[in-house]
1. Specify the inter-centroid distance of region 309-333 and region 97-119, based on alpha-carbon positions, in whole Å.
2. How large is the convex hull of the C-alpha atoms of region 387-511 per residue, in Å³?
3. Using a cut-off of 20 Å between alpha-carbon atoms, which aspartates and glutamates can reach Lys280, once sequence neighbours fewer than 8 places away in the same chain are excluded?
4. In Å, what Rg and Dmax follow from the Cα atoms of region 86-194?
5. For region 51-135, what's the radius of gyration and Dmax over Cα atoms, in angstrom?
6. For a test of understanding, tell me how many lysine pairs in region 348-480 have Cα atoms under 28 Å apart, given they are 8 or more places apart or on different chains.
7. So what's Rg/Rh here for the chain, counting alpha carbon atoms and using the Kirkwood radius for Rh?
8. Could you give the nm distance between label points at Ile490 and Gln294, where each point is 7 Å from its Cα heading toward the beta carbon?
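All of the numbers you see were taken from the coordinates with simple rules; none came from a lab. Given the structure is predicted, the values throughout are model-derived calculations rather than measurements. Neighbour counts run over all protein chains shown; Cβ positions are idealised from the backbone, glycine included.
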Amino acid sequence: MNKEDLFKKVISHAKEYGFIFQSSEIYDGLQAVYDYGQNGAELKRNIRDYWWKAMVQMHENIVGIDAAIFMHPTTWKASGHVDAFNDPQIDNKDSKKRYRADVLLEDYAEKLRQKAEKEITKAKKRFGADFDEAMFRETNPRVKRYLTEAEETVQRMAQSLEKNDLADVKELIEEKGIACPISGSKNWTEVRQFNLMFSTQMGATADGANEVYLRPETAQGIFTNFLNVQKTGRLKIPFGIAQTGKAFRNEIVARQFIFRMREFEQMEMQFFVRPGEELKWYEYWKDQRMQWHQALGLNPDLYRWHDHEKLAHYANAAADIEFDFPFGFKELEGVHSRTDFDLKAHEKYSGKKLQFFDPELNENYVPYVVETSIGLDRMFLALLSAAYQEETLEDGSTRTVLKLPLALAPVKAAILPLVKKDGLPEISREILSTLQLDHNVQYDEKDAIGKRYRRHDAIGTPLCITVDHQSKEDQTVTLRHRDSMQQERISIPDLPAKVSELVKISSLLTNKS
Ligand code: ATP
């Protein structure tokens, strides 16, 4: 299956099986806003749980909080979001479509790189075993031209954006002859900066109402509570504060399903350290976060690191964990060494000291911060697209199966009476009532057993427990495993321990790669 097909299939599967629906679908939807259905909500909750347990429960020096979405507006002035959380936007006057100017130029550069790669592939075929790729890259005039132009385009754009020279960004788009993909026209508006924060009014709409923002990241609620948590928790540096919650960004171009949404959820942790020790902790957290991903058992080739060459003004090191989504490698999580930028800015704007007294050094200082920040929805999409598989079975039939990590599956076990009579439903419901104390399990008696297996394969249920006539005689059931489809006979009293053993989240938490 090619990647484009995979992406289409994942999207329609997510809808058909109750994972993700477009928001307000009956009104034709709201762009880049999605709702999670009955299976999606469970999967999302399990990913969040796994993150929370790995970060908070497994670290004695990390605590979790739940800050409000609304914050005092000065927060966003201090953090730099009011002045600098912008994307450059440009409209095509003929199609009336809006684009991110930087994305148009990035795409242009990417096309040039692809042209170079095509030349290289062609030459590889032509020259066979003798082909020296490095030499060809350096000497072939066409390849060199493509790659140099790509590099120069991106560099000039970066420089102009840095200087806020938006006229030059437009000029570059015109010079390169970039046309609107919809209308094919080159009739562009000026480039303008567009702030990504949503704002609304708090309080009475008459005099005195305050403009407030929907938070574009969860981190600031951690910074503003830094001293509250440190003091009440009597925490000593180094320590971390973790949080999961909604964030909102008015993305100019929101596409690629739940990859780029206007309302999404983040899982962030700020780790407060002694100044000068931040790079050691940065390496530590890079390592920890990659282990968290790898413990899920997906193909390790799906992940790669991308170091930021151009750092944000507040960072002294930053890297992204990129995931091979159906549309290519893209950012899934960021690990950033943010220095003391945020706490210092909040000190300045609030006039309050945000410092820690270090008893070992006998001095006060503003701690440095290493942050890990992952989008829950992006993690959901990563898992769903890696788990989706279509298999041809020995008898020639096919099945669609979600090979999700067992501990994260929405439904852990399905309890299936072979027939709807002869006392089998009663035995099944008894099993259900025992297992549901610890797990999300389902009772399902509709349709032939094969159909029910397929239905549960499609939502990733790791275990199917079938109750048949033999169950009445010897108190045993069939336990079918999702991935191998193998079945074993197991006694009913042994079921709770067996199911817990197979789906427990602790196996992920201790599974260090
Ligand atoms: P991008 O470059 O893709 O816009 P970003 O660098 O702005 O992302 P951060 O501000 O570092 O992202 O946010 C941390 C994480 O939050 C990202 O790694 C991503 O997983 C998630 N995230 C950011 N924006 C969105 C969005 N619009 N929809 C879904 N998830 C998002």
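1. 18 Å
2. Dividing the Cα hull volume of region 387-511 by its residues yields 104 Å³.
3. Glu60, Glu268, Asp307, Glu309, Asp320, Glu333, Asp340, Asp342, Asp358, Glu360, Glu371
4. So, for region 86-194, Rg and Dmax equal 16.8, 52 Å respectively.
5. Computed over the Cα atoms of region 51-135, radius of gyration and Dmax are 24.6, 65 Å.
6. The number of close lysine pairs in region 348-480 is 16.
7. On the way: Rg = 26.8 Å, Rh = 26.3 Å.
Looking at the chain, the ratio lands at 1.02.
8. 3.0 nm
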